[in-house]
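The values are calculated or read from the model by the stated rules, or taken from the named source; none is laboratory data. What you see is a predicted model; the values in this text were computed from it and never measured. Reconstructed Cβ throughout: ideal geometry from the backbone, glycine too, with neighbour counts over all protein chains shown.
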Amino acid sequence: MRAAAALAQTKGEAGRVDPGGDRARPDAPLSAFFDPKSVAVVGASRDPSKIGGSVLANLRAGGFAGRIIPVNSRGDVVQELAAVPSLLDVEGPVELAVIAVPAPVVLPVLKECVAKGVRGAVVITAGFRESGPEGECREAELRAWLRDQPIRLLGPNCLGWIRPSRRLNLTFAPGMPRVGPLGFFSHSGALCTAILDWSRDHGIGFSLFASLGNQADLNETDLLQALAKDPETRVILGYVEGVADGRKFFEALRAAAATKPCVLMKAGRSSEGARAVSSHTGALAGSDRAFDAAVTQAGALRAESVEELFDLARALAAQPLPVGRKVAIITNGGGLGILATDAARGAGLEVSPLEEHVRDRLARVLPPNASLGNPVDLVGDATAARYGAALAALEGAASSYLVVLTPQAATDSAGVARTILGATRGWQPPVLAVFAGGARVRPGIQALEEGGIPCYPFPERAVRALAGMVTLAERGEVRPVSVRFPVDRERAASHLAELRAAGVRRLGFLEGAPLLEAYGLRAIRGALAHTAEEALEAAGALGFPVALKIVSPEISHKSELGGVRLGLTSAAQVRETMAAMLARVQAARPEARIEGVLVEQMAPPGGKELLLGMVRDAQFGPLVMIGFGGIYVEVLKDTATRLVPLTPSEALAMIEELRMAPVLKGARGEAAVDLAALAETVCRFAQLAADFPQLRELEVNPLLVSPTGTLAVDLRGQVD
């Protein structure tokens with residue numbers, strides 16, 4: 001089966017956050033949630049319209065085979081089951097409890113759970129930190145108590161937990177989703193209910209469906225770790241609104257993605273980058289970029305929408321990952337074939353011409369008016385047999401296949417679907433389908449989906465899913481091994497200690513260059529001048545031509561104020577330029593403290609200007625960013641971001657992400673820059689960021705890169 005092949009292959013290869021952070025107690029296994037033998041519903045009601053009644057009704061209707069114990073303060077009988085007034089009155093063990101009582105009663109009930117030996121609790125009750133100051137205090141008390149307890153807790157304020165294979169629906173959302181290979185967790189309960197409803201209409205099946213709520217205990221990292229070990233889960237999906245412990249999340253995601261495809265969707269992309277910071281790096285590398293970097297480096301994928309998340313999930317659940325980017329497109333309609341081709345090329349896939357021997361095979365089985373290119377156009381009267389013959393001729397010709405059908409006069413969509421399934425049975429490359437239309441293609445769509453080939457209504461959605469599979473496959477091929485370069489860490493530490501002792505918190509070129517040099521990075525020579533005479537002396541020592549740059553801790557963007565002048569070739573130019581520069585800057589920024597003028601060597605001609613920067617993200621720690629630099633970096637926004645530490649292969653991948661990367665490889669007859677030296681520079685810079693937590697921001701702009709290596713020309717930063 002395709003699903004088995006997919007499993008075999010993958011095994012070889014400012015939103016809501018959890019304010020609790022790291023828990024002091026060790027993590028306990030979650031078997032009580034995944035396979036409980038007994039479940040107590042605390043707050044069970046006779047009225048199914050109430051939450052406690054709804055949870056109990058869903059648990060019964062779902063067909064849970066274990067023991068169900070209603071807990072109701074009045075005891076008696078609840079929904080035809082004998083009830084008890086307290087957990088402590090239950091005879092025999094209770095593995096899992098669902099709590100749907102008023103918020104002030106939740107903690108006392110949890111204490112009864114611990115006394116009873118309950119190993120897991122799902123707290124559906126709201127009224128905690130989402131509800132205001134009183135709820136915040138209540139949740140803080142709950143978190144503090146949990147740290148020393150053996151029980152694991154989902155929630156509070158969550159939709160609940162569903163384990164379809166165990167017929168276990170511990171939510172107030174009616175109906176049991178299909179059993180399937182997708183393990184899904186979400187920070188949003190409202191999104192959960194919508195997805196549950198949608199999944200029933202689209203035949204989506206789950207191994208687990210979990211709403212995390214306020215995450216007083218279990219969070220997205222715990223679910224990643226659990227799903228990575230769950231034999232029923234082949235694909236891990238998640239919707240998150242933020243993470244508290246970014247590094248722990250990253251390590252868990254990397255471990256999970258090494259065994260199973262992981263696809264995440266995160267809200268808040270547009271708002272998180274608007275931090276008030278002084279550097280280009282800080283302005284461009286917000287927490288959302290940190291999340292992107294973590295997902296990329298972990299070998300996972302970020303979806304841009306719920307539709308994309310599940311389009312990709314369907315493909316991953318049923319099909320193996322592709323080995324390569326070449327896709328073959330087969331269609332009975334030229335227009336949709338062109339749309340599919342455009343979408344594929346736009347997504348970075350290869351829709352290259354077929355080899356001659358493949359075209360010869362096609363020519364023998366297709367009519368003369370068929371197109372033998374790529375896409376292969378079977379023309380409008382294509383029968384199921386023609387689709388089968390074309391697929392047989394195309395076997396082995398591509399890394400993946402996209403089969404497109406539009407309803408024509410004699411189209412038998414179900415017959416075509418059955419033929420596609422038969423012709424591609426046992427193929428290693430993935431096969432996706434597009435059956436565009438309505439009622440006439442619905443039988444074919446159903447046949448394909450039941451047979452393990454995901455089918456989409458339009459080419460663009462299928463191509464996005466296929467491109468995501470390719471990206472996951474490529475990321476899974478790279479498992480970087482940590483590399484440390486020889487550096488003079490003691491020298492850097494001593495310099496930082498001296499700066500701290502002197503009260504220096506903002507770094508300019510003179511303060512920061514020794515850090516770069518201690519880590520093996522070349523920096524241009526320069527000297528600080530307070531007077532024209534000092535500037536002339538420095539220029540004479542450095543050698544003409546020279547550059548002058550204003551030095552002020554309050555001025556970040558010197559060029560905008562005329563605080564940079566290049567190519568000064570004489571003593572007279574230096575004297576006149578310095579006087580004019582000081583007057584101009586002081587007039588524009590009278591409140592700024594001017595420390596003098598930096599006299600620098602002129603950089604050798606021909607280098608490309610890059611930016612190399614780092615900021616310390618509150619969730620993920622230090623981030624390194626590279627991009628095309630100079631004064632237009634925030635306009636171009638051509639940057640790539642990663643978490644530290646970095647390996648040379650990861651640094652090269654960052655460089656390849658840049659839209660301007662071809663310029664570095666040589667354009668219009670220019671020599672290519674030394675990419676290996678650039679990658680090493682990025683790695684050494686990342687090592688510096690990792691070694692010294694007191695570095696809050698550090699930015700080299702410009703970093704000149706040329707065929708002979710790299711050279712730092714200007715720098716700024718902040719230290720704690």
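Numbers for the structure displayed
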{"quantity": "Strands (runs of 3 or more DSSP E) wholly inside the stretch 140-258 containing at least 1 residues that are closer than 22 Å to Val39 by Cβ and touching a strand residue (DSSP E or B) at 6+ places or on another chain (Cβ under 8 Å)", "calculated": "152-154, 160-163, 168-171, 178-186, 205-211"}
{"quantity": "Contacts under 9 angstrom Cβ, first residue in the stretch 95-108 being farther than 11 Å from Ala121 by Cα, partner among the aromatic types (Phe, Trp, Tyr) and not in a helix (DSSP H, G or I), 6 or more apart", "calculated": "Ala103/Phe128"}
{"quantity": "Filtered residues of the stretch 603-613 (kept if at pLDDT below 90 and surrounded by 24 or more Cβ atoms within 10 Å (Cβ to Cβ))", "calculated": "none"}
{"quantity": "Residue match in the stretch 671-680 (condition: closer than 29 Å to Val243 by Cα, touching a Phe, Trp or Tyr at 6+ places or on another chain (Cβ under 9 Å), surrounded by 16 or more Cβ atoms within 10 Å (Cβ to Cβ) and outside the structural domain of His557 (by TED's automatic domain parsing))", "calculated": "no"}
{"quantity": "Residue within the stretch 79-102 that is part of a loop (DSSP other than H, G, I, E, B) and in contact with a Leu (Cβ under 6 Å, 6 or more places away or on another chain) present", "calculated": "yes"}
{"quantity": "Residue in the stretch 84-95 that is polar (S, T, N, Q) and within 23 Å of Pro174 (Cβ to Cβ) present", "calculated": "no"}
{"quantity": "Looking only at the stretch 437-454, and only at residues there that are within 19 Å of Leu378 (Cα to Cα) and touching a helix residue (DSSP H, G or I) at 6+ places or on another chain (Cβ under 6 Å), the one that is surrounded by the most Cβ atoms within 10 Å (Cβ to Cβ)", "calculated": "Gly444"}
{"quantity": "Flag if Lys50 is out of contact with any strand residue (DSSP E or B) (no Cβ under 8 Å at 6 or more places or on another chain) and at pLDDT 90 or above", "calculated": "yes"}
{"quantity": "Checklist (1) crowded, with 19+ Cβ neighbours inside 10 Å; (2) farther than 21 Å from Ile151 by Cα; (3) of a type outside the set (Val, Ile, Thr) applied to His202, failing item", "calculated": "(1)"}
{"quantity": "Single condition Arg138 does not satisfy, out of (1) farther than 22 Å from Ser54 by Cβ; (2) crowded, with 22+ Cβ neighbours inside 10 Å", "calculated": "(2)"}
{"quantity": "Single condition Thr193 does not satisfy, out of (1) at pLDDT 95 or above; (2) more than 17 Å from Ala298 (Cβ to Cβ)", "calculated": "(1)"}
{"quantity": "Among the residues listed as Arg668, Arg696, Arg616, Arg659, the single one being over 30 Å from Lys248 (Cβ atoms), surrounded by fewer than 24 Cβ atoms within 10 Å (Cβ to Cβ) and within 24 Å of the chain's Cα centre (by Cα)", "calculated": "Arg659"}
{"quantity": "Check on Val463, at negative phi and assigned to a loop (DSSP other than H, G, I, E, B)", "calculated": "no"}
{"quantity": "Matching residues in the stretch 69-94 - criterion: being closer than 26 Å to Gly127 by Cα, of a type in the set (Val, Ile, Thr) and surrounded by fewer than 22 Cβ atoms within 10 Å (Cβ to Cβ)", "calculated": "Val84"}
